[in-house]
Each structure stands twice: as structure tokens, then as C-alpha cells.
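Accompanying notes for the structure given below.
The values are calculated or read from the model by the stated rules, or taken from the named source; none is laboratory data. Worth saying up front: this structure is predicted, and the values here are computed from it rather than measured. Glycine also receives a Cβ, built like all others from the backbone with ideal geometry; neighbour counts cover every protein chain displayed.
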Amino acid sequence: MRSMVGGALLLCMSAIAALAADGKDIAANGTSGGALPCSSCHGEHGEGTPASGFPRLAGLNVQYIEHQLESFKNGTRKNDVMQPIVAALSDDERKTIANYYADMTAPKAEAEPAAPAAIAAGAKLAATGDWPKGMPGCGQCHGAAGLGVGATFPRLAGQSATYIENALQSWKAGDRKNDPMGLMASVASKLNDDQIKNVAAYYESLPVAAPARSPETKP
Ligand code: HEC
Ligand code: HEC
């Protein structure tokens, strides 16, 4: 009995090791099916390349990543760079690489800081929204610190500002139609270009992880 359990455990551990190894291999070397190495754009540690608008993937929710990869595949999210890459991945490879990036922790990528006034205006929009236009604050869905909520509402803290701008413009243009109940299409349609730039600058300025609680604030 003990050896059976031990054997099952070993099998399980080697399955996990294989999954991890594959993810690492796809990220660094691409796939035999012709997908380009993810790390060449998304960074060696999934931290992204902010200036080029290549998003940070490290620490995004696994189901969120899978949903985005499926969306590039079925065309509900259009992007000339990502669509051919995802078309070259098998179903297993998509799952493996989604798990690989979801489990990663990486420091924030270096980015040119935005003007403090833009960040402040973005912070206000994120916190309170734009009620005359019927828009709730972004934090209502994405979490007060932009760290995301569950599988549905992705983390925005520390994400590339250029990428956030592109994402919001994609919804406005109808190139991204993959979100549940059209929530983001509706939000993006209410934002003007200045608001988009400001809110993107704000989210890029935030830390990628929640700050550790200081001893004084412990309950
Ligand atoms: C040549 C550069 C390049 C390579 C290589 C690349 N990506 Fe991307 N990736 C992008 C760009 C650009 C975007 C943003 C697309 C957009 O604006 O919609 C993106 C977006 C994504 C997103 C969406 C992130 C989000 O927050 O919604 C995921 C997931 C992703 N890539 C995964 C991968 C994986 C997995 C690989 C490797 C198999 C890969 N990418 C390889 C450039 C690249
Ligand atoms: C009513 C809820 C809701 C509100 C309010 C909201 N969002 Fe979202 N947002 C979502 C959902 C749901 C998604 C995931 C869409 C998907 O699955 O593709 C999302 C995704 C995003 C993404 C894509 C992230 C990525 O990694 O690709 C960006 C950028 C974004 N939201 C920015 C904002 C900003 C900025 C605001 C405020 C101006 C905002 N959101 C307000 C629900 C909301």
C-alpha cells in the first residue's frame, strides 16, 4: 500500500515537473509548431516590455490567460502579432503556458515614469469613475489597488501603460469583443483619449504586489 501511494506521488511529481519544464521551454524556445518564444517579447520572467506595449504576464490569473489565448484563437480578440502565435499552439501547450505564467512572480519592469499630474488624474478616475457618463470607478471591478479580483477581473497594477492604452482603444474600435457581458466595451466607449492616457499611467505606476502590512496596522 505504501509503495503504491509512493508510486502515485512520484508519478504526480514527475507530471508537475514535466508541465513546468514544458512551460519554460515554450517561453524560452517557442514550439515545434512554429510559435515564437514568448520571452522575446514578454520578458525572461514574464515582466513584459512596457515601452513596446508587450504586456506583463507574470502573476495573471490562469483562467484569465487561457481565456485570452482562446480569444486570439477564435478571433474575438484581434491582434496581428498574437493571433499567428496562438494559432501555432496546441490545446495542451496553451494550458501549459498559461499555468507557467500564472505561477510566475517577477519584479516590475523598468518604465519611464509618467507626469505626476497624469497619474493623479488617472487615480481619481480609477477610484470614483465618471458618474455623469454613468461609469463606475475601475477599482469597483479591478480591486482598489488594481490587483485584480478572481478569474474575471484582471490585475492592472504594474501593467504597461502603452498596453493598457492599446487594450482600451481595441475595445473602442471593436477589435476586442471577448469580455463577459461587454463590460469593458461599455467602459472604454465612455473614455476619451486623455482619460485613457491618464488611467493607463496611473495603473502602470502601481506596485505589482500588495505592500506587506506594517506591524502597527495589524488588527
Ligand atoms: C513578437 C512579440 C510577441 C511574442 C513572441 C509573444 N507575444 Fe504575447 N503579446 C504580444 C503583444 C503585442 C500583445 C498585446 C496584444 C494586444 O494589444 O491585444 C500580447 C498579448 C498577450 C497576451 C494577453 C495578455 C493580457 O493581459 O490580456 C497573452 C496571454 C500573451 N500575449 C501570451 C503569449 C504567449 C503564451 C506567447 C508565447 C507562446 C507570446 N505571447 C508571444 C507580443 C508577443
Ligand atoms: C463593471 C466591471 C468593470 C469596470 C468598472 C472596469 N473593468 Fe476593466 N475589465 C473588466 C473585465 C470583466 C475585464 C476582462 C475582460 C476579458 O476577459 O477580456 C477587464 C479587463 C480590462 C483590461 C484588460 C487587461 C489585460 O490584461 O488585457 C484593461 C486594460 C481594463 N479592464 C481597464 C479598465 C479601466 C482603465 C477601467 C476604468 C476606467 C476599467 N477597466 C473598469 C471589468 C471592468
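Observations
- Being away from ligand 2 (no atom under 14 Å from the Cβ) and at pLDDT 95 or above is a condition met by no residue of region 57-74.
- Under the condition of being surrounded by 17 or more Cβ atoms within 10 Å (Cβ to Cβ) and farther than 22 Å from residue 54 by Cα, the residues counted in region 138-188 number 3.
- Hey, residue 79 surrounded by fewer than 18 Cβ atoms within 10 Å (Cβ to Cβ), closer than 26 Å to residue 161 by Cβ and either out of contact with any Asp or Glu (no Cβ under 8 Å at 6 or more places or on another chain) or not hydrophobic (A, V, I, L, M, F, W, C) (or both) or not: yes
- Test: residue 156 is modelled with pLDDT of 95 or more, under 29 Å from residue 107 (Cβ atoms), within 9 Å of ligand 2 (Cβ to nearest atom) and in a loop (DSSP other than H, G, I, E, B): yes
- Of all residues making up region 100-116, the number that are surrounded by fewer than 18 Cβ atoms within 10 Å (Cβ to Cβ) and not in a loop (DSSP other than H, G, I, E, B): 1
- Pairs are defined by a Cβ separation below 8 Å, a sequence spacing of at least 6 or placement on different chains, a first member in region 178-202 that is without any contact (Cβ under 8 Å) to a residue 40 or more places away in the chain, and a second member that is more than 8 Å from ligand 2 (Cβ to nearest atom) and in a loop (DSSP other than H, G, I, E, B); the pairs so defined are 185/174; 185/177.
- Residue count for region 89-98 under the criterion of being more than 8 Å from ligand 1 (Cβ to nearest atom) and either within 13 Å of the chain's Cα centre (by Cα) or without any contact (Cβ under 8 Å) to a residue 60 or more places away in the chain (or both): the result is 4.
- Selection count where residues are touching a helix residue (DSSP H, G or I) at 6+ places or on another chain (Cβ under 7 Å), in a loop (DSSP other than H, G, I, E, B) and within 9 Å of ligand 1 (Cβ to nearest atom), scope region 49-86: 5
- Subset of region 123-137 that is in a helix (DSSP H, G or I) and within 8 Å of ligand 2 (Cβ to nearest atom) - its residue that is surrounded by the fewest Cβ atoms within 10 Å (Cβ to Cβ): 125
- When residue 130 is tested against the conditions (1) touching a Lys or Arg at 6+ places or on another chain (Cβ under 8 Å); (2) closer than 22 Å to residue 50 by Cα; (3) more than 14 Å from ligand 1 (Cβ to nearest atom), the lone failure is (2).
- Identity of the residue in region 170-202, in contact with a strand residue (DSSP E or B) (Cβ under 6 Å, 6 or more places away or on another chain) and within 20 Å of residue 82 (Cα to Cα), that ends up nearest to ligand 2 (Cβ to nearest atom): 178
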